[in-house]
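Report on the following structure.
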Amino acid sequence: MKRTVPVKDAMTRKVLTAGPNTTVARAAKLMADRGVGSIIIVKGKKPIGILTERDLLMKVVSTDLKPSKIRVGKIMSKPVVSIRPDADITEAARLMAKSRIRRLPVVERGDLVGVITTSDITAISPELMEVLSRPEVLAKDEIEESVCEACGEVTTNLYEVNGMWVCENCRDTMGG
């Protein structure tokens, strides 16, 4: 039987947030003080963006903007990709891999209730590390057909053996 873990059991409930008019300098200071790599930008309790360490580097530092003069609403990443608290963490891992993000706001009825990170997911389910680290490894139902890298057979089921994606027959002959 497959074990399922809802996002709400792995997420962080105390989320660092700021309004869109907060300066980048203030947001960066809050992130540093809390030791986190992102801050969710909200209007009320509704997430409207996220500011990450990458945003700070790519949109502020590399363009020589003055952090005390620019507002987070101008440089935040948007729209917000989010997930429901009752969703399975496998779904969260797939969504993060597909969207190429490491932090996922958890939203219930439009309001921010938490955040789940790749670290949270791998702490609970280390087997999901492969999904998180390889975006091409998504749900089987998202792959209609693919080609075995060993024999070239078109199949709906592939298995990873020695770094190759192979059909069931090749898996058995390769000892996978």
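Do you know which residues across the stretch 130-159 are closer than 29 Å to Ile39 by Cβ and either modelled with pLDDT of 70 or more or among the basic types (Lys, Arg) (or both)?
Passing the criteria: only Arg134.
Considering the stretch 94-117 alone, what residues qualify as being touching a residue at least 24 places away in the same chain (Cβ under 8 Å) and assigned to a helix (DSSP H, G or I)?
Within the stretch 94-117, Arg94, Met96, Ala97, Lys98 qualify.
Just to be sure I understand, how many residues within the stretch 1-51 are farther than 26 Å from Arg109 by Cα and among the acidic types (Asp, Glu)?
1
Could you please find all residues in the stretch 1-33 being within 23 Å of Val113 (Cβ to Cβ) and β-branched (Val, Ile, Thr)?
Residues satisfying the conditions are Thr4, Val5, Val7, Thr12, Val15, Thr17, Thr22.
Under 6 Å between Cβ atoms, at least 6 apart or on separate chains: pull out the pairs that start in the stretch 78-93 with a residue that is in the same structural domain as Lys46 (by TED's automatic domain parsing) and assigned to a loop (DSSP other than H, G, I, E, B) and end on any residue that is surrounded by fewer than 21 Cβ atoms within 10 Å (Cβ to Cβ) and modelled with pLDDT under 90.
Note: pairs meeting the criteria are Val81/Ser99.
Hey, among the residues in the stretch 86-115 that are β-branched (Val, Ile, Thr) and modelled with pLDDT of 95 or more, which one's surrounded by the most Cβ atoms within 10 Å (Cβ to Cβ)? Don't jump to the end; show me each part of the working.
Keep residues of the stretch 86-115 that are β-branched (Val, Ile, Thr), which gives 89-90, 101, 106-107, 113, 115.
Next cut, modelled with pLDDT of 95 or more only: 106-107, 113, 115.
Numbers: Val106: 25, Val107: 20, Val113: 18, Val115: 27.
Only one residue fits best here, namely Val115.
Counting only residues that are free of Cβ contacts under 8 Å to residues at least 60 places away in the same chain and in a strand (DSSP E or B), how many does the stretch 7-51 have?
9
Hey, among the residues in the stretch 57-100 that are of a type in the set (Val, Ile, Thr) and touching a Pro at 6+ places or on another chain (Cβ under 7 Å), which one's nearest to Ala18 (Cα to Cα)? Steps first, answer last, please.
Of the residues in the stretch 57-100, the ones of a type in the set (Val, Ile, Thr) are 60-61, 63, 70, 72, 75, 80-81, 83, 89-90.
Cutting the leftovers down to touching a Pro at 6+ places or on another chain (Cβ under 7 Å) gives us 60, 72, 80.
Working: Val60: 17, Val72: 8, Val80: 14 Å.
Looking at the filtered set, the residue picked out is Val72.
Against the definition (at positive phi and outside any helix (DSSP H, G or I)), how does Asp64 come out, yes or no? Don't jump to the end; show me each part of the working.
Details: at positive phi: yes; outside any helix (DSSP H, G or I): yes.
Answer is yes for this residue.
Is it true that some residue in the stretch 65-85 is surrounded by fewer than 20 Cβ atoms within 10 Å (Cβ to Cβ) and farther than 27 Å from Lys29 by Cα?
Yes.
Output the residues belonging to the stretch 160-176 that are acidic (Asp, Glu) and modelled with pLDDT under 75.
Residue satisfying the conditions is Glu160 alone.
Report whether or not Gly73 is at pLDDT 95 or above and part of a helix (DSSP H, G or I). Before you say what the answer is, go through the steps one by one.
Working: at pLDDT 95 or above: yes; part of a helix (DSSP H, G or I): yes.
Yes, satisfied.
Given the residues Ala10, Ala25, which is the only one that is hydrophobic (A, V, I, L, M, F, W, C) and more than 20 Å from the chain's Cα centre (by Cα)?
Working: Ala10 fails: more than 20 Å from the chain's Cα centre (by Cα).
Going through Ala10, Ala25 in turn, the sole match is Ala25.
The values are calculated or read from the model by the stated rules, or taken from the named source; none is laboratory data. Model, not experiment: these values are computed from the prediction. When we count neighbours, we look across all protein chains shown, and the Cβ atoms used for this are built from the backbone with ideal geometry, even at glycine.
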